[in-house]
Amino acid sequence: MKLSIHPDVKGKPTQTDRGYFVKNKQINLGYGWTNIECDFDDIFELITTDGYATSAELNSDNRKEEYFLSRQIFMVDIDDGMTIQELLNDEFYNAFGAGFYTTARHTDEHHRFRIIFITEEPITDVNNVKKITRGLLTMFKSADISCKDATRLYYGVENCVIKEKINRILSKEACTELIRMIDEIERETQKVTQTLIHLDTVDEEFVDYILNKIAGKVGDLKGDYNVWLTIAWATCHSIGLHQAKNLMMKYWPTKTTKESHAFSSWKRSSSPTLGTLIKLSGISKDEKKLLEIQYKLRKMK
(Lines give C-alpha, C1' and ligand atoms only; values in the text may rest on other atoms or scores of the structure.)
Protein backbone atom coordinates (compact mmCIF):
# COMPACT_ATOMS: atom_id res chain seq x y z
CA MET A 1 0.00 0.00 0.00
CA LYS A 2 1.44 3.36 -1.07
CA LEU A 3 0.96 6.73 0.60
CA SER A 4 3.03 9.68 1.76
CA ILE A 5 4.03 10.78 5.24
CA HIS A 6 5.59 13.95 6.57
CA PRO A 7 8.65 12.92 8.64
CA ASP A 8 8.56 16.14 10.66
CA VAL A 9 4.87 16.11 11.59
CA LYS A 10 3.97 13.93 14.53
CA GLY A 11 0.64 14.83 16.10
CA LYS A 12 -1.30 17.98 15.28
CA PRO A 13 0.89 21.09 14.80
CA THR A 14 0.33 24.27 16.75
CA GLN A 15 -0.91 27.07 14.49
CA THR A 16 0.19 30.66 15.11
CA ASP A 17 0.24 33.81 13.01
CA ARG A 18 3.81 32.83 12.06
CA GLY A 19 2.82 29.39 10.70
CA TYR A 20 2.68 25.80 11.95
CA PHE A 21 4.97 24.43 14.66
CA VAL A 22 5.72 20.94 16.00
CA LYS A 23 7.66 20.96 19.26
CA ASN A 24 8.86 24.52 18.57
CA LYS A 25 10.04 23.62 15.07
CA GLN A 26 8.34 25.48 12.21
CA ILE A 27 6.81 23.12 9.65
CA ASN A 28 5.85 23.64 6.01
CA LEU A 29 2.82 21.41 5.48
CA GLY A 30 2.99 21.87 1.72
CA TYR A 31 6.47 20.43 1.25
CA GLY A 32 8.62 17.66 2.68
CA TRP A 33 6.33 14.71 1.93
CA THR A 34 7.89 11.26 1.41
CA ASN A 35 6.29 8.25 -0.27
CA ILE A 36 6.34 4.95 1.59
CA GLU A 37 4.99 1.47 0.86
CA CYS A 38 3.92 -0.91 3.61
CA ASP A 39 0.95 -2.95 4.79
CA PHE A 40 -1.97 -1.56 6.78
CA ASP A 41 -0.75 -2.98 10.09
CA ASP A 42 2.42 -0.87 9.83
CA ILE A 43 0.53 2.18 8.54
CA PHE A 44 -1.88 2.02 11.47
CA GLU A 45 1.09 2.02 13.86
CA LEU A 46 2.69 4.95 12.03
CA ILE A 47 -0.52 6.94 12.44
CA THR A 48 -1.72 5.95 15.91
CA THR A 49 1.57 5.22 17.74
CA ASP A 50 4.23 7.32 16.01
CA GLY A 51 1.65 9.98 15.13
CA TYR A 52 2.79 10.72 11.56
CA ALA A 53 0.66 12.87 9.25
CA THR A 54 -0.33 11.07 6.04
CA SER A 55 -1.55 11.98 2.57
CA ALA A 56 -1.92 10.42 -0.88
CA GLU A 57 0.92 8.92 -2.91
CA LEU A 58 2.67 11.82 -4.70
CA ASN A 59 5.23 12.22 -7.46
CA SER A 60 6.82 15.17 -5.64
CA ASP A 61 7.47 16.23 -2.05
CA ASN A 62 4.95 19.03 -2.77
CA ARG A 63 1.46 18.12 -1.53
CA LYS A 64 -0.51 19.60 -4.42
CA GLU A 65 -3.24 17.91 -6.39
CA GLU A 66 -1.21 18.23 -9.61
CA TYR A 67 1.34 15.82 -8.08
CA PHE A 68 -1.26 13.23 -7.03
CA LEU A 69 -0.58 9.61 -8.01
CA SER A 70 -2.97 7.45 -6.01
CA ARG A 71 -4.93 7.06 -2.79
CA GLN A 72 -5.88 3.84 -1.07
CA ILE A 73 -6.51 5.13 2.45
CA PHE A 74 -9.61 7.30 2.90
CA MET A 75 -10.53 8.93 6.19
CA VAL A 76 -13.61 10.59 7.59
CA ASP A 77 -13.31 13.17 10.40
CA ILE A 78 -16.05 13.13 13.03
CA ASP A 79 -15.99 16.27 15.19
CA ASP A 80 -19.57 16.37 16.42
CA GLY A 81 -22.90 14.57 16.38
CA MET A 82 -21.71 10.94 16.59
CA THR A 83 -20.28 8.88 19.42
CA ILE A 84 -17.83 6.00 19.21
CA GLN A 85 -20.56 3.61 20.33
CA GLU A 86 -22.79 4.84 17.50
CA LEU A 87 -19.91 4.22 15.11
CA LEU A 88 -19.46 0.67 16.42
CA ASN A 89 -23.17 0.08 15.78
CA ASP A 90 -23.10 1.67 12.32
CA GLU A 91 -24.02 -0.71 9.51
CA PHE A 92 -21.75 0.88 6.89
CA TYR A 93 -18.75 0.95 9.23
CA ASN A 94 -19.28 -2.67 10.21
CA ALA A 95 -19.38 -3.67 6.56
CA PHE A 96 -16.49 -1.61 5.17
CA GLY A 97 -14.60 0.26 7.93
CA ALA A 98 -10.94 -0.62 8.54
CA GLY A 99 -10.81 1.02 11.94
CA PHE A 100 -10.78 4.36 13.74
CA TYR A 101 -8.72 6.40 16.18
CA THR A 102 -9.58 9.31 18.46
CA THR A 103 -8.12 12.67 17.51
CA ALA A 104 -6.38 15.30 19.62
CA ARG A 105 -9.50 17.10 20.91
CA HIS A 106 -11.45 13.98 21.87
CA THR A 107 -13.08 14.05 25.31
CA ASP A 108 -15.56 11.84 27.11
CA GLU A 109 -18.22 14.51 26.59
CA HIS A 110 -17.42 15.32 22.94
CA HIS A 111 -16.25 12.39 20.86
CA ARG A 112 -13.87 13.31 18.07
CA PHE A 113 -12.36 10.59 15.95
CA ARG A 114 -11.25 9.62 12.47
CA ILE A 115 -12.71 6.66 10.57
CA ILE A 116 -10.38 4.77 8.21
CA PHE A 117 -11.35 3.03 4.97
CA ILE A 118 -9.00 1.00 2.76
CA THR A 119 -9.96 0.51 -0.88
CA GLU A 120 -9.48 -2.83 -2.55
CA GLU A 121 -6.92 -1.30 -4.90
CA PRO A 122 -5.30 2.15 -5.29
CA ILE A 123 -7.55 4.80 -6.83
CA THR A 124 -5.58 6.74 -9.43
CA ASP A 125 -8.32 8.93 -10.86
CA VAL A 126 -8.45 12.26 -8.99
CA ASN A 127 -12.15 12.76 -9.69
CA ASN A 128 -13.02 9.30 -8.39
CA VAL A 129 -10.99 9.96 -5.24
CA LYS A 130 -13.03 13.11 -4.64
CA LYS A 131 -16.32 11.33 -5.31
CA ILE A 132 -15.49 8.42 -3.01
CA THR A 133 -14.51 10.90 -0.30
CA ARG A 134 -17.71 12.89 -0.77
CA GLY A 135 -19.70 9.66 -0.78
CA LEU A 136 -18.17 8.62 2.54
CA LEU A 137 -18.90 12.06 3.99
CA THR A 138 -22.50 11.69 2.84
CA MET A 139 -22.76 8.31 4.59
CA PHE A 140 -21.59 9.92 7.83
CA LYS A 141 -23.63 13.10 8.09
CA SER A 142 -21.71 14.17 11.19
CA ALA A 143 -18.45 14.26 9.21
CA ASP A 144 -16.30 17.30 8.52
CA ILE A 145 -17.49 18.18 5.02
CA SER A 146 -14.43 20.29 4.29
CA CYS A 147 -12.25 17.17 3.94
CA LYS A 148 -12.69 16.40 0.24
CA ASP A 149 -9.53 17.21 -1.76
CA ALA A 150 -7.52 14.32 -3.21
CA THR A 151 -4.27 15.19 -1.39
CA ARG A 152 -5.89 16.05 1.93
CA LEU A 153 -3.56 15.45 4.88
CA TYR A 154 -4.66 13.70 8.05
CA TYR A 155 -2.80 14.17 11.32
CA GLY A 156 -1.80 11.19 13.38
CA VAL A 157 -1.95 10.87 17.17
CA GLU A 158 1.09 9.81 19.15
CA ASN A 159 0.38 6.86 21.44
CA CYS A 160 -3.36 7.00 20.78
CA VAL A 161 -5.24 5.02 23.44
CA ILE A 162 -8.73 4.67 21.98
CA LYS A 163 -8.51 3.03 18.56
CA GLU A 164 -9.56 0.00 16.56
CA LYS A 165 -8.01 -1.80 13.57
CA ILE A 166 -10.12 -4.36 11.74
CA ASN A 167 -8.60 -4.71 8.23
CA ARG A 168 -11.96 -4.65 6.45
CA ILE A 169 -11.90 -3.48 2.83
CA LEU A 170 -13.99 -0.88 1.01
CA SER A 171 -14.77 -3.09 -1.98
CA LYS A 172 -14.76 -2.11 -5.65
CA GLU A 173 -18.52 -2.49 -5.65
CA ALA A 174 -18.88 -0.15 -2.69
CA CYS A 175 -16.61 2.43 -4.35
CA THR A 176 -18.65 2.19 -7.53
CA GLU A 177 -21.85 2.76 -5.56
CA LEU A 178 -20.40 5.80 -3.75
CA ILE A 179 -19.32 7.30 -7.08
CA ARG A 180 -22.74 6.56 -8.59
CA MET A 181 -24.45 8.24 -5.62
CA ILE A 182 -22.40 11.44 -6.05
CA ASP A 183 -22.99 11.40 -9.82
CA GLU A 184 -26.73 11.19 -9.15
CA ILE A 185 -26.57 14.11 -6.70
CA GLU A 186 -24.72 16.15 -9.32
CA ARG A 187 -27.27 15.31 -12.03
CA GLU A 188 -30.17 16.25 -9.77
CA THR A 189 -28.40 19.42 -8.69
CA GLN A 190 -27.86 20.47 -12.29
CA LYS A 191 -31.57 20.06 -12.95
CA VAL A 192 -32.48 21.99 -9.80
CA THR A 193 -30.00 24.75 -10.61
CA GLN A 194 -31.63 25.24 -14.00
CA THR A 195 -35.00 25.40 -12.24
CA LEU A 196 -33.75 28.01 -9.78
CA ILE A 197 -32.28 30.12 -12.58
CA HIS A 198 -35.71 30.44 -14.18
CA LEU A 199 -37.62 31.18 -10.99
CA ASP A 200 -38.27 34.80 -10.01
CA THR A 201 -38.63 33.92 -6.33
CA VAL A 202 -37.94 31.01 -4.00
CA ASP A 203 -39.71 30.09 -0.78
CA GLU A 204 -39.13 31.97 2.47
CA GLU A 205 -38.03 28.89 4.43
CA PHE A 206 -35.14 28.32 2.01
CA VAL A 207 -33.93 31.93 2.26
CA ASP A 208 -34.44 31.99 6.03
CA TYR A 209 -32.00 29.09 6.38
CA ILE A 210 -29.40 30.88 4.24
CA LEU A 211 -29.78 34.16 6.17
CA ASN A 212 -29.33 32.29 9.45
CA LYS A 213 -26.01 30.97 8.13
CA ILE A 214 -24.96 34.46 7.02
CA ALA A 215 -25.88 36.00 10.39
CA GLY A 216 -23.63 33.49 12.10
CA LYS A 217 -20.71 34.73 10.01
CA VAL A 218 -21.22 38.50 9.80
CA GLY A 219 -22.70 39.31 13.21
CA ASP A 220 -24.88 42.40 13.76
CA LEU A 221 -23.35 44.37 10.83
CA LYS A 222 -22.97 47.56 12.85
CA GLY A 223 -21.26 50.10 10.62
CA ASP A 224 -21.18 47.75 7.66
CA TYR A 225 -23.78 49.23 5.36
CA ASN A 226 -22.55 47.73 2.08
CA VAL A 227 -22.74 44.14 3.31
CA TRP A 228 -26.18 44.74 4.82
CA LEU A 229 -27.40 46.33 1.58
CA THR A 230 -26.13 43.43 -0.53
CA ILE A 231 -27.93 40.95 1.71
CA ALA A 232 -31.11 43.03 1.79
CA TRP A 233 -31.34 43.45 -1.96
CA ALA A 234 -30.47 39.81 -2.69
CA THR A 235 -33.21 38.81 -0.24
CA CYS A 236 -35.66 41.15 -2.00
CA HIS A 237 -34.77 39.52 -5.32
CA SER A 238 -35.27 36.05 -3.83
CA ILE A 239 -38.58 36.37 -1.96
CA GLY A 240 -40.00 39.81 -2.67
CA LEU A 241 -39.85 43.16 -0.92
CA HIS A 242 -42.33 42.59 1.93
CA GLN A 243 -41.00 39.20 3.00
CA ALA A 244 -37.43 40.46 2.66
CA LYS A 245 -38.06 43.27 5.14
CA ASN A 246 -39.49 40.80 7.65
CA LEU A 247 -36.54 38.44 7.39
CA MET A 248 -33.97 41.23 7.55
CA MET A 249 -35.68 42.48 10.73
CA LYS A 250 -35.39 38.98 12.17
CA TYR A 251 -31.60 38.87 11.85
CA TRP A 252 -30.51 42.52 11.77
CA PRO A 253 -33.31 44.52 13.46
CA THR A 254 -31.23 47.56 14.47
CA LYS A 255 -29.55 47.89 11.10
CA THR A 256 -32.74 47.25 9.13
CA THR A 257 -34.72 49.81 11.12
CA LYS A 258 -32.01 52.41 10.59
CA GLU A 259 -31.62 51.68 6.86
CA SER A 260 -35.26 50.87 6.01
CA HIS A 261 -35.28 53.63 3.39
CA ALA A 262 -32.89 51.51 1.29
CA PHE A 263 -35.69 49.10 0.37
CA SER A 264 -37.45 51.83 -1.62
CA SER A 265 -34.46 52.08 -3.98
CA TRP A 266 -34.28 48.34 -4.71
CA LYS A 267 -34.43 47.44 -8.42
CA ARG A 268 -34.76 43.84 -9.58
CA SER A 269 -32.87 44.47 -12.81
CA SER A 270 -29.63 45.41 -11.01
CA SER A 271 -30.07 43.42 -7.81
CA PRO A 272 -27.84 40.69 -6.34
CA THR A 273 -29.58 37.31 -6.41
CA LEU A 274 -30.03 34.11 -4.41
CA GLY A 275 -26.59 32.98 -5.60
CA THR A 276 -25.07 35.94 -3.75
CA LEU A 277 -26.77 34.88 -0.51
CA ILE A 278 -25.57 31.29 -0.91
CA LYS A 279 -22.02 32.53 -1.50
CA LEU A 280 -22.12 34.81 1.55
CA SER A 281 -23.42 31.97 3.71
CA GLY A 282 -20.26 29.96 3.15
CA ILE A 283 -22.12 26.65 2.95
CA SER A 284 -20.24 23.82 1.29
CA LYS A 285 -20.83 22.67 -2.26
CA ASP A 286 -22.42 19.44 -1.06
CA GLU A 287 -24.66 21.19 1.46
CA LYS A 288 -25.77 23.57 -1.28
CA LYS A 289 -26.66 20.60 -3.48
CA LEU A 290 -28.68 18.94 -0.76
CA LEU A 291 -30.52 22.20 -0.03
CA GLU A 292 -31.39 22.64 -3.68
CA ILE A 293 -32.66 19.07 -3.94
CA GLN A 294 -34.78 19.56 -0.81
CA TYR A 295 -36.15 22.78 -2.29
CA LYS A 296 -37.08 20.99 -5.51
CA LEU A 297 -38.91 18.29 -3.55
CA ARG A 298 -40.90 20.92 -1.65
CA LYS A 299 -41.90 22.60 -4.91
CA MET A 300 -43.12 19.27 -6.29
CA LYS A 301 -45.50 18.63 -3.37
Item to complete: Give the residues of the stretch 85-117 that are surrounded by 16 or more Cβ atoms within 10 Å (Cβ to Cβ) and of a type in the set (V, I, T), sorted by residue number.
Response: T102, T103, I115, I116
Fill in: Qualifying positions in the stretch 249-271 - of a type outside the set (G, A, S) and in contact with a Cys (Cβ under 9 Å, 6 or more places away or on another chain)
F263, W266, R268
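How many residues does the stretch 11-33 contain that are within 25 Å of the chain's Cα centre (by Cα) and over 26 Å from I123 (Cα atoms)?
At the first step, the residues of the stretch 11-33 found to be within 25 Å of the chain's Cα centre (by Cα) are 11-17, 19-21, 27-31, 33.
Within this subset, residues satisfying the condition of being over 26 Å from I123 (Cα atoms) are 11-17, 19-21, 27-28.
Residues flagged as within 25 Å of the chain's Cα centre (by Cα) and over 26 Å from I123 (Cα atoms) within the stretch 11-33 amount to 12.
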Practice prompt. Enumerate the pairs (first residue in the stretch 14-39 and on the phi > 0 side of the Ramachandran plot; second residue anywhere and surrounded by 12 or more Cβ atoms within 10 Å (Cβ to Cβ) and assigned to a loop (DSSP other than H, G, I, E, B)) with beta-carbon separation below 7 Å, excluding pairs fewer than 6 apart on the same chain, so at least 6 apart or on different chains.
Written response: G32/D61
Item to complete: Would you be able to say whether some residue in the stretch 273-284 is modelled with pLDDT under 85, surrounded by fewer than 17 Cβ atoms within 10 Å (Cβ to Cβ) and either hydrophobic (A, V, I, L, M, F, W, C) or more than 30 Å from K131 (Cα to Cα) (or both)?
Response: no
Fill in: Top-ranked residue in the stretch 101-126 [being within 19 Å of the chain's Cα centre (by Cα) and aromatic (F, W, Y); ranked as nearest to V157 (Cα to Cα)]
F113
Discussion item. If a residue counts only when it is among the polar types (S, T, N, Q), which strands (runs of 3 or more DSSP E) contained entirely in the stretch 12-129 have at least 2 such residues?
Written reply: 14-16, 34-37, 52-55, 68-78
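Could you tell me whether any residue of the stretch 187-208 is under 28 Å from I132 (Cα atoms), among the basic types (K, R), out of contact with any strand residue (DSSP E or B) (no Cβ under 7 Å at 6 or more places or on another chain) and modelled with pLDDT of 90 or more? Even if it seems obvious, please write down each step before you answer.
Pass one, the stretch 187-208, residues under 28 Å from I132 (Cα atoms): 187-196.
Checking which are among the basic types (K, R) leaves us with 187, 191.
Now narrow it down to the ones that are out of contact with any strand residue (DSSP E or B) (no Cβ under 7 Å at 6 or more places or on another chain): 187, 191.
The next check asks that each one be modelled with pLDDT of 90 or more; those that pass are none.
So far as the stretch 187-208 goes, no, none of its residues is under 28 Å from I132 (Cα atoms), among the basic types (K, R), out of contact with any strand residue (DSSP E or B) (no Cβ under 7 Å at 6 or more places or on another chain) and modelled with pLDDT of 90 or more.
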Worksheet item: Quick one: would you say K130 is free of Cβ contacts under 8 Å to residues at least 40 places away in the same chain, open to solvent by 40 Å² or more (accessible area, probe 1.4 Å) and charged (D, E, K, R)?
Response: yes
Discussion item. Restricting to the stretch 48-64, name every residue that is more than 22 Å from the chain's Cα centre (by Cα) and open to solvent by less than 20 Å² (accessible area, probe 1.4 Å).
Written reply: T48, G51, L58, N62
Fill in: Among (1) touching a strand residue (DSSP E or B) at 6+ places or on another chain (Cβ under 8 Å); (2) open to solvent by 50 Å² or more (accessible area, probe 1.4 Å); (3) farther than 26 Å from L137 by Cα; (4) among the aromatic types (F, W, Y) - the single one Y67 does not satisfy
(3)
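The values are calculated or read from the model by the stated rules, or taken from the named source; none is laboratory data. Please read all numbers here as calculations on a predicted model, not as lab measurements. Because the Cβ atoms are built from the backbone with ideal geometry, glycine has one as well, and the counts that use them run over all protein chains shown. Keep in mind that these areas ignore ligands, DNA and RNA; they rest on the heavy atoms of the full protein, side chains included. Shrake-Rupley method; radii C 1.70, N 1.55, O 1.52, S 1.80 Å.
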